[in-house]
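Please read the structure below before turning to the comments.
The values are calculated or read from the model by the stated rules, or taken from the named source; none is laboratory data. Since the structure is predicted, the reported quantities are computational estimates derived from the model, not experimental observations. Cβ coordinates were reconstructed from backbone atoms using ideal geometry, including for glycine residues, and neighbour counts include every protein chain displayed. Protein only, heavy atoms only, side chains kept; ligands, DNA and RNA dropped before computing areas. Shrake-Rupley method; radii C 1.70, N 1.55, O 1.52, S 1.80 Å.
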Amino acid sequence: MDILLVASAFNSLSQRVCAELSDLGHRVDVVLAGKGPDTVRRAVRDRHPELVIAPMLRTALPEDVWQQHTCLIVHPGPPGDRGPSSLDWAIAGQAAEWGVTVLQAEAAMDAGAVWASETFPVSPVGKSDLYRNEAADAALTAVHRAVRRYADGSYKPRPQSDPAIHGKVVWRDAFRQERRRIDWAADDTATVLRKLRGADSQPGVLDELLGREVFLHGGHPEDRLRGEPGELLATRAGAVCRATRDGAVWIPELRPRKNSGDPAPFRRPATHVLDPDLPERPAPLELPPDRRTWTDIRYRQHGDVGLVSFSFPGGAMSTGHCRRLLAAYRYALARPTRVLVLGGRRDFFSNGIHLNVIEAAPDPAEESWANLDAMDDLVEAVLRTTDRLVVAALGGNAAAGGVMLALAADEVWCRAGAVLNPHYRRMGLYGSEFWTYSLPRRVGAETARRLTEEARPVSAATAARTRLVDRLLPVPAQGFTAEVERLATELAATPDLGRRIAAKAAARRVHEEARPLAEYRKDELARMHALFFDPDAAYHTLRSDFVRKVPGGAR
């Protein structure tokens, strides 16, 4: 079937819908609604779709489009729920279960007939994490069901006047900053965390820190540090710790207001925005099991299995992130294990270099270069590990250098709902992270060329078929870590593991003799250096548009 996706941005859900529908043989095109209603009209007129689907839409479809074509809207709320802030209300109301509804577009917002719906558990995570995982899993189940029903031709969508839905109809207004505001003197830690997590990616919680109005992004509990409510207590790995009336929370990122005069009014590590005079309180890599505090990198060991887990906001890895993760990886290599797992947490694995930090740097070209060099150091360390088996465990999406980091491992395990973007083209880059070695070695030269030139999102299922991924884990996001640990323990106990490790070491020696890794790195970095330090290179405009959320921005 010819399907047109209309989206305000080609975000994670839109990419997953595109990839999975394409897997089923549908011919899928995408048009961005942010470019205006005439762009949508033109796309419909030129492509003659049999079905229009809007996976993520902030504006209404043109009336003539939905009157002349069947248009399905993916709404992140259960049947009867209406309004632009559905997930925000679910988190604020501490809902245990929520839903996704695929409904037909009509004049009234979210009031159309229901083609399909699916429920999902509301896990205690940030809104963006919930959206990319539990909500997205439910959305794809509902979208696939709706598409099958439409293709069948006999299904009659249920109008919301149906008694089973009508009694549940409720309009929920936009969840504005007045509701998000934190009263540091009165709100307990649980309330503060709920407010922070309900706005972790967008729009953030407006507050004042050190005399500046900023948006707070993300929140995690702290079990030991204490102070006066609202007081800043410490820093850790770019985050700031702030006291509540009965505890404290870690806030990883801040965003200056657009009218603040800050030349970089976008999300960045909190200490990059404030530069506070506070003590740095690092957490140990091996955190005791009774601790309830935030850290973005951890090491755990169970018998012959070591696990280096990490989680960076948005999957972006700055120069500092890469260097600290490399130090943790080297620490893990000094431990007596036979299997080493890299990753293993739910949500993003990695999206490569940190474009926001780069955009805010005094010299973005120099910071791009430093960031890429640090990323290459990390990937090379993984590639050169020959005394144990390394598994990259992707609990969520990965892109660009993040995919290549995963491919440096011996095995790649991936949650079935993840989406991979194994390319750099949409950011105007050639790419590095040893992709010219790792990608063709896994998928073959022709498939590597197609993946990097077409620059389309790849579903987890297609990644498995093309050998980008070795094992799919069809588990919910909340169960991913436990499943990885179980499978890694099984792998460490396999009788032929010693033979596999020896064969891996021998293969690395053969590859090194044929062409040293240093040559791959040198050639890739030469191309990247030329792009980074060319002020007219498209990369600089594409990066700025992406970071500053210019409609139609890349990646």
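If you plug the beta carbon distance of residue 290 and residue 486 into 1/(1 + (r/R0)^6) with R0 = 22 Å, you get a FRET efficiency near 0.45. Between the range 211-238 and the range 135-154, the alpha-carbon centres lie 43 Å apart. Taking 0.36 nm per residue of separation and subtracting the current Cα-Cα distance, fully stretching the chain between residue 541 and residue 515 would add 5.9 nm.
Among the chymotrypsin sites (Phe, Trp or Tyr not before Pro) found in the range 1-101, not one is both in a DSSP coil and sparsely packed, with 15 or fewer other Cβ atoms within 10 Å of its Cβ. Kirkwood radius and radius of gyration were both taken over the C-alpha atoms of the range 1-107, and their ratio Rg/Rh is 0.98. FRET efficiency for the residue 48 to residue 534 pair, using the beta carbon distance and R₀ = 45 Å, is estimated at 0.65. Electrostatic tally near residue 261: other residues with Cβ closer than 13 Å to its Cβ, Lys and Arg +1, Asp and Glu -1, net +1. Histogrammed with a bin width of 5 Å, the alpha carbon distances of the range 281-367 distribute as 3, 13, 22, 22, 18, 12, 6, 3, 1, 0 percent, first bin at zero. For the pair the range 159-190 / the range 340-380, the C-alpha centres are spaced 37 Å from each other. Multiplying the residue separation of residue 449 and residue 527 by 0.36 nm and removing their Cα-Cα distance gives an extension gain of 26.4 nm.
A Förster radius of 22 Å, combined with the Cβ-Cβ distance separating residue 151 from residue 11, puts the computed FRET efficiency at roughly 0.30.
Could you pull out the trypsin sites (Lys or Arg not before Pro) across the range 259-327 that fall in loop regions by DSSP (anything but H, G, I, E, B) with no more than 15 other Cβ atoms inside 10 Å? Loop-located and lightly packed - 291, 292.
Simple rule: put +1 on each Lys or Arg Cβ and -1 on each Asp or Glu Cβ in the chain, find the dipole, and look at 218, 248, 125; the Cα lying farthest toward the positive end is 125. Plugging the Kirkwood radius over Cα pairs into Stokes-Einstein for the range 425-492, at a temperature of 37 °C and a viscosity of 0.692 mPa s, what D comes out in µm²/s? Roughly 234 µm²/s, to the nearest whole number. Count Lys and Arg as plus one, Asp and Glu as minus one, and take only other residues whose Cβ is under 10 Å from that of residue 368; the net charge is then -4. If you bin all the Cα-Cα distances of the range 116-246 at 10 Å, starting from zero, the percentages per bin are 11, 29, 27, 17, 11, 5, 0.
This model, with +1 at the C-beta of Lys and Arg and -1 at the C-beta of Asp and Glu, gives the range 66-196 a dipole about its Cα centre of some 200 debye. Rg of the Cα atoms in the range 96-136, relative to 2.2 N^0.38 Å, amounts to 1.35. Size descriptor for the range 316-390, Kirkwood hydrodynamic radius: 13.4 Å (Cα pairs only, one decimal). Each pair of Cα atoms in the chain enters the Kirkwood radius, and Stokes-Einstein at 20 °C and 1.002 mPa s then converts it into a translational diffusion coefficient of 87 µm²/s.
The calculated 222 nm mean residue ellipticity attributable to helices in the chain amounts to -11000 deg cm²/dmol, summing -39500 (n - 2.57) over DSSP H runs of n ≥ 4 and dividing by all residues. The modelled label-to-label distance for the pair residue 228/residue 245, using points 7 Å beyond Cα in the direction of Cβ, is 1.7 nm. Apolar share of the accessible surface for the chain: 50 percent from carbon plus sulfur atoms, 1.4 Å probe. Solvent-accessible area per residue in the chain equals 42 Å², computed with a 1.4 angstrom probe and all protein chains kept. Fully extending the segment from residue 169 to residue 302 would add 42.9 nm, taking 0.36 nm per residue of separation and subtracting the current Cα-Cα distance.
Taking every alpha-carbon pair under 8 Å whose residues sit at least 6 apart, the chain reaches a relative contact order of 10 percent.
Restricting the trypsin sites (Lys or Arg not before Pro) of the range 1-101 to loop positions (DSSP other than H, G, I, E, B) with no more than 14 neighbouring Cβ atoms within 10 Å leaves 58. Counting Lys and Arg as +1 and Asp and Glu as -1 over every other residue whose Cβ lies under 14 Å from the Cβ of residue 76, the net charge comes to -2.
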